[in-house]
Structure formats: C-alpha cells, structure tokens
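Shown next, in structure tokens, is the structure this report addresses.
None of the figures in this text is laboratory data; all of them are computed from the coordinates on show. Keep in mind that this is a model prediction, so the values were computed, not measured. As a convention, Cβ positions derive from the backbone with ideal geometry for all residues, glycine included, and neighbour counts pool all protein chains shown.
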Amino acid sequence: MESTILLVDDVRLFLEMQKEFLQYADVNVITAQNGLEALTVIRNQRPDLVFMDLEMPEMDGAACCRAIKSNPALAAIPVVMITAKGDETSQQVCRLAGCDEFLTKPLNRSIFLEAAGRFVVDLDRREKRKPVILSATIRSRGTSIASTLHNLSAGGAFVAAECDAEVGRIIEVSFALPDGSSQECRAKVVWSQQAGRKTPRGFGIAFVLLPEEARKALERYLKTTTPPTPAPARS
C-alpha cells in the first residue's frame, strides 16, 4: 500500500521544492499551509510521515506538533520539523514539541530523502535512471579525460573512465544529449569501482547546483523512450 507524506509550510516555494524532492518516490504527497490546516488533514487522512515548518501563521509548527503528539490516536505519526535557523534555541523548541527529527533550511535533497527513508521504510529514493551511452569530457585539476556516461538521471550518472577519482572530489562534466543540447555542470564523485568481469571501471557522480534549464532538459530526455545514441564529447 502506498505511503502518504504530508508537507506543511506557509511558503508555496518550499512546498514545491519538497514535492520535487519526492517526485520519484513511491509515495502519495499531500500539503497544508499552516498548523490548523495540517491538523485537519492529519485527523482525516492519517499520513505516514509529516514534514512541518516551525514558523507559520495561525498555528506554528511547534504547537501543531504538540497537538499531534498529545493525541493518542495520532502520536505515533512521525513529525520532522524544519527550521530556518540551526541555532540551539530553535532545536530545543522542536524537541520540546515532541518532534521525531528536525532539519534546517536551506533543505538538502539527499538529507531530506534520508530523513524520509528512516520513517517510510518502503520509500523508493532512487531517481529514475535511463541506460545511456553518452560521450563526455571530465575535467579535474587541469586535466581533461574522455569518458562515457551511463545510467543517467536528473541527479547524476555513472562515469565509465580509465582513471581513479577520489570520493568527494568536485569535477566539471561536459556532455551532449541526443537532441543536441549541450550540458556543462559541476559534479561530486560519490562512489567508485574498479573494472570487473561485466562492469567497467569508473565512478558515480551527483550533479552539484545543476542549472534549472539543464535539469529540465535532462528530465525531458529521461521521459523519452527512444534508444540512447552516443553523442560526441566536447573538448
């Protein structure tokens, strides 16, 4: 059965950002814009997890969280509070309200999804990936290396390359999609592997601060069903 996650924030921009984080998760996402509205939704729909902003009009997140945790019928619902400040005072307010965890803005996609995965055990946090073979150029520390991208998603890819890349290194990636659109962005190496009997040598990357237009272009491409074709590398 599909789990339900409630997002509560009075700022529409933050709601849309969190919805975007969850777009590839196998969950039903619902929203509310203040504590009073959230309580009504929680009583009627009993979500499996609540992400709630601390500072909101009408009823703030702390008051709403206390109302949830003081109700025996609702107390088991996990509540992750989100604060604009990471100071000890804000954290103490969240703890005293009874929250199960708290995050600090600006929200990080990976940390947000990790928090969700701790409370929704069947959450599929993997972004949809597409098997591709796209020629690419990797630049790091003044050196350019020809490579190919495989298993592409809007969040990253696997880079097949005959070189070592230490986890955590920031690199520059240039490649072109089959529609001819060029993509240039920074990426962080998140894991690496040596060549195996059936696997190439290379490393996994996560795109860093991917421009909105580039993300949209990738998402459009990922939705297509045409077979991937190699694209020339950019020098």
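Of the listed pairs K19/K130; K85/K188; K85/K105; K19/K105; K130/K216, which have alpha-carbon separations greater than 18 Å here?
The pairs that break the limit, which is 18 Å between Cα atoms, are K19/K130; K85/K188.
Of (1) 59, 38, 31; (2) 49, 37, 36; (3) 59, 38, 34, which is the value of Cα extents along the principal axes in Å derived from the coordinates here?
Checking each listed value against the structure points to (3).
To the nearest 20 debye, what is the magnitude of the charge dipole of region 91-193 about its Cα centre, counting +1 on the Cβ of each Lys and Arg and -1 on the Cβ of each Asp and Glu? Please report the intermediate quantities before stating the final value.
Values: 14 positive and 12 negative charges, 39 e Å.
Using only the charged Cβ atoms, the result is roughly 180 debye.
Looking at region 1-155, send over the antiparallel percent of its DSSP beta bridges, to the nearest 5.
30
Taking the beta-carbon count within 10 Å as an exposure proxy, list R169, R95 from fewest neighbours to most.
R95, R169
Return the whole-Å distance between the Cα centroid of region 1-70 and the Cα centroid of region 115-185.
Here the two parts' Cα centres lie 32 Å apart.
Output wanted: per-residue J couplings in Hz (rounded whole) for region 115-120, from phi through Karplus 6.51 cos²θ - 1.76 cosθ + 1.60, θ = phi - 60°, x for Gly and Pro.
5, 4, x, 6, 10, 10
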